[in-house]
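Structure first, commentary second.
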Amino acid sequence: KAKNPNEPEFIQAATEVLTSLEPVFEANPKYQENAILERITEPERVIMFRVPWVDDNGKVQVNRGFRVQFNSAIGPYKGGLRLHPSVNLGVIKFLGFEQIFKNSLTGLPIGGGKGGSDFDPKGKSDNEVMAFCQSFMTELCKHIGADTDVPAGDIGTGAREIGYMFGQYKRIRNVYEGVLTGKGLNWGGSLARTEATGYGLLYLTEEMLKCNGKDINGATVCISGAGNVAIYATQKATELGAKVVTLSDSTGWVYDAEGIDLDAVKEIKEVKRGRLSEYKNYRPNAEYHEGKFDWSVKCDVALPCATQNELNADDAKRLIANGCYAVAEGANMPTTLEATKLIQEAGLLFAPGKAANAGGVATSALEMSQNSQRLSWTFEEVDAKLKNIMVNIFHNIDNAAKKYGYEGNYVVGANIAGFEKVADSMIAQGVC
Ligand code: NDP
């Protein structure tokens, strides 16, 4: 805390991980002897830079760019680029720190990193987004590469932004390589990457429910968010026989008792880049509420898929009172520490984001493999690999929790399972 006084999100994420690792440190003195705790909480490199660009009125705008290369013990840095006005160094450090353990859990050779900018793509023209992305990549391209650091999308960074950034990287560096993931299918992208985080969330949730005597088929599900993760989580949940009844965005939320109409949401969010308030135009019987989603709708399973700290203690109390029995995080750290504690103490199943949303980065790593091979796998091949990875992640975190006497505590399980591989690799590579 003394070292990072203005980084509450990073301190929150580090506190959660380090607290749950106490039994591992007690049982394995090598981690303390090698100062793993001190080393793993310090990024290997932080890059912060000016991003100047010219808007449609000819006015110069300036944003701040970030890339935190947190840990490369098990592979090149890998993690998304967030474009949102709330982005600052503490937010990117929290995301980069979480990414280390998430990437380790996938079982694939990828280290942890994260980046982004306080640029807000909302309301900007394509031309302005391109001007920003080109300026951002003009600096970032000096620090990344297919074997060094491979960024991806995140909040505010979708196919359009990745395209503009990839074009600029190629133009400056004169190499055609898999330096970004989430690319278009015509130019090196992987089938099923768009769907991967949402689908993966449901594969893990399905397995967690199955192993605890429940079934996603027939469950009523509340989802927050209306972006990439939320949309494909809704799609897979519906395919698996669940009924998704809510979605939200930063201005309001919808409740559709008959089940969310995904075609309408895709049209509003992916085609028009509009607001969920328009949902009622497609589904007159649905309810639209202004403001933050408060998790007041009765459900069996809750899947927060918008952003960090969106599910607080009061929200958790409402979920518990309404008989919800499982929460799985599609977003990164959407549940506050207090809410997580309440949910776990009330006996609900709880899958933390670093396990539950790892399907996105896992499929990004599969995109990297296809780029290296100069091959493209079919949708079914990628999807089957994704499912296998998510089921394995669930069993790994379940087993890690059991090994240290925390059966059913998947937060502890995920932190331990993600940590051990990275920490052992750091020790093997010496003091660096
Ligand atoms: P998108 O930008 O596609 O969607 C984000 C959604 O959350 C939008 O509906 C947005 O509303 C809403 N939202 C964003 N910020 C806020 C806020 N401060 N308050 C309320 N609502 C907000 O992002 P993704 O779906 O890609 O990402 C969602 C979460 O999942 C993030 O935490 C991300 O880090 C995480 N994640 C994403 C992965 C991926 O592959 N995409 C992989 C792993 C994790 P609005 O439309 O109004 O902006």
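The values are calculated or read from the model by the stated rules, or taken from the named source; none is laboratory data. Owing to the predicted nature of the structure, the values given are computational and were not obtained by experimental measurement. Glycine also receives a Cβ, built like all others from the backbone with ideal geometry; neighbour counts cover every protein chain displayed.
Being of a type in the set (S, T, N, Q) and either farther than 20 Å from LEU366 by Cα or not in a helix (DSSP H, G or I) (or both) is true for just one of ASN399, ASN392. Which residue is that?
Details: ASN392 fails: either farther than 20 Å from LEU366 by Cα or not in a helix (DSSP H, G or I) (or both).
Unique residue meeting the criteria: ASN399.
I need every pair where a residue in the range 19-37 that is without any contact (Cβ under 8 Å) to a residue 12 or more places away in the chain has its Cβ under 8 Å from the Cβ of a residue that is surrounded by 11 or more Cβ atoms within 10 Å (Cβ to Cβ), sequence separation at least 6 or different chains.
Between residues of the range 19-37 that are without any contact (Cβ under 8 Å) to a residue 12 or more places away in the chain and residues that are surrounded by 11 or more Cβ atoms within 10 Å (Cβ to Cβ), the close pairs are GLN32/PHE25.
Please work out which one of (1) in contact (Cβ under 8 Å) with a residue 40 or more places away in the chain; (2) in a helix (DSSP H, G or I); (3) out of contact with any Asp or Glu (no Cβ under 8 Å at 6 or more places or on another chain) is the condition VAL150 fails and give its number.
All conditions pass for VAL150, except number (2).
Considering each residue of the range 261-298, count those that are more than 23 Å from ILE320 (Cα to Cα), β-branched (Val, Ile, Thr) and buried (at least 18 other Cβ atoms within 10 Å of the Cβ), and give that number.
Residues meeting the conditions: 2.
Across the range 153-177, which residue is farthest from the ligand (Cβ to nearest atom) among those that are part of a loop (DSSP other than H, G, I, E, B) and farther than 28 Å from SER250 by Cα?
Taking the range 153-177 first, the residues part of a loop (DSSP other than H, G, I, E, B) are 153, 155-156, 158, 174-177.
Now drop any that are not farther than 28 Å from SER250 by Cα, which leaves 174-177.
Working: ASN174: 29, VAL175: 25, TYR176: 23, GLU177: 21 Å.
Ranking the qualifying residues of the range 153-177, first place goes to ASN174.
May I ask you to verify whether VAL391 is more than 21 Å from GLY96 (Cβ to Cβ), β-branched (Val, Ile, Thr) and surrounded by fewer than 24 Cβ atoms within 10 Å (Cβ to Cβ)?
yes
Looking at this structure, is ASN309 touching a Ser or Thr at 6+ places or on another chain (Cβ under 9 Å), within 12 Å of the ligand (Cβ to nearest atom) and not aromatic (Phe, Trp, Tyr)?
Details: touching a Ser or Thr at 6+ places or on another chain (Cβ under 9 Å): yes; within 12 Å of the ligand (Cβ to nearest atom): yes; not aromatic (Phe, Trp, Tyr): yes.
Answer is yes for this residue.
Of the residues GLY123, GLY107, only one is at pLDDT 95 or above and either touching a strand residue (DSSP E or B) at 6+ places or on another chain (Cβ under 6 Å) or surrounded by fewer than 23 Cβ atoms within 10 Å (Cβ to Cβ) (or both); which? Full working, then the answer.
Working: GLY123 fails: at pLDDT 95 or above.
Unique residue meeting the criteria: GLY107.
What helices (runs of 4 or more DSSP H) lie completely within the range 178-288 and have 3 or more residues being under 23 Å from MET165 (Cβ atoms) and more than 11 Å from the ligand (Cβ to nearest atom)?
Details: elements: 193-210, 228-239, 262-266, 279-282.
Helices (runs of 4 or more DSSP H) meeting the threshold: none at all.
Could you tell me which of the residues ALA355, ALA417, ALA423 is part of a helix (DSSP H, G or I), within 16 Å of the ligand (Cβ to nearest atom), closer than 21 Å to ASN71 by Cα and not polar (S, T, N, Q)?
On the way: ALA417 fails: within 16 Å of the ligand (Cβ to nearest atom); ALA423 fails: within 16 Å of the ligand (Cβ to nearest atom).
After ruling out the rest, the residue left standing is ALA355.
Can you tell me how many residues within the range 85-120 are part of a helix (DSSP H, G or I) and of a type in the set (Asp, Glu)?
Quick first cut of the range 85-120, residues part of a helix (DSSP H, G or I) only: 89-105.
With the extra rule that they be of a type in the set (Asp, Glu), the set shrinks to 98.
Final tally of qualifying residues: 1.
Looking at the structure I just gave you, is ASP300 farther than 21 Å from GLY123 by Cβ, modelled with pLDDT of 95 or more and away from the ligand (no atom under 16 Å from the Cβ)?
Numbers: farther than 21 Å from GLY123 by Cβ: yes; modelled with pLDDT of 95 or more: yes; away from the ligand (no atom under 16 Å from the Cβ): yes.
Here the answer is yes, as ASP300 does meet what is asked.
Those residues that are more than 25 Å from THR194 (Cβ to Cβ) and within 16 Å of the ligand (Cβ to nearest atom), I need them from the range 69-88; list them, please. Full working, then the answer.
Step one: of the range 69-88, the residues more than 25 Å from THR194 (Cβ to Cβ) are 69-74, 88.
Correct list: PHE70, ASN88.
Does GLY330 satisfy the criteria of being away from the ligand (no atom under 15 Å from the Cβ), assigned to a loop (DSSP other than H, G, I, E, B) and under 26 Å from LEU240 (Cα atoms)?
Details: away from the ligand (no atom under 15 Å from the Cβ): no; assigned to a loop (DSSP other than H, G, I, E, B): yes; under 26 Å from LEU240 (Cα atoms): yes.
Spelling it out, it is not the case that GLY330 is away from the ligand (no atom under 15 Å from the Cβ), assigned to a loop (DSSP other than H, G, I, E, B) and under 26 Å from LEU240 (Cα atoms).
Just to be sure, is GLN134 within 16 Å of the ligand (Cβ to nearest atom) and either buried (at least 22 other Cβ atoms within 10 Å of the Cβ) or of a type outside the set (Ser, Thr, Tyr) (or both)? Please lay out each step first, then the result.
Numbers: within 16 Å of the ligand (Cβ to nearest atom): no; either buried (at least 22 other Cβ atoms within 10 Å of the Cβ) or of a type outside the set (Ser, Thr, Tyr) (or both): yes.
Taking the combined requirement at face value, the residue does not satisfy it.
Answer yes or no as to whether GLU345 is surrounded by fewer than 20 Cβ atoms within 10 Å (Cβ to Cβ), within 16 Å of the ligand (Cβ to nearest atom) and either more than 16 Å from the chain's Cα centre (by Cα) or among the basic types (Lys, Arg) (or both). Give the steps one after another, and end with the answer.
On the way: surrounded by fewer than 20 Cβ atoms within 10 Å (Cβ to Cβ): yes; within 16 Å of the ligand (Cβ to nearest atom): no; either more than 16 Å from the chain's Cα centre (by Cα) or among the basic types (Lys, Arg) (or both): yes.
Taking the combined requirement at face value, the residue does not satisfy it.
With the condition kept exactly as written, say whether any residue in the range 77-89 is of a type in the set (Ser, Thr, Tyr), surrounded by fewer than 23 Cβ atoms within 10 Å (Cβ to Cβ) and under 30 Å from SER125 (Cβ atoms). Quick ask: steps written out before the conclusion?
Of all residues in the range 77-89, those of a type in the set (Ser, Thr, Tyr) come to 77, 86.
Then keep just the ones that are surrounded by fewer than 23 Cβ atoms within 10 Å (Cβ to Cβ); that gives 86.
Next, from what is left, pick out any that are under 30 Å from SER125 (Cβ atoms): 86.
Scanning the range 77-89, I find at least one residue that is of a type in the set (Ser, Thr, Tyr), surrounded by fewer than 23 Cβ atoms within 10 Å (Cβ to Cβ) and under 30 Å from SER125 (Cβ atoms), so the answer is yes.
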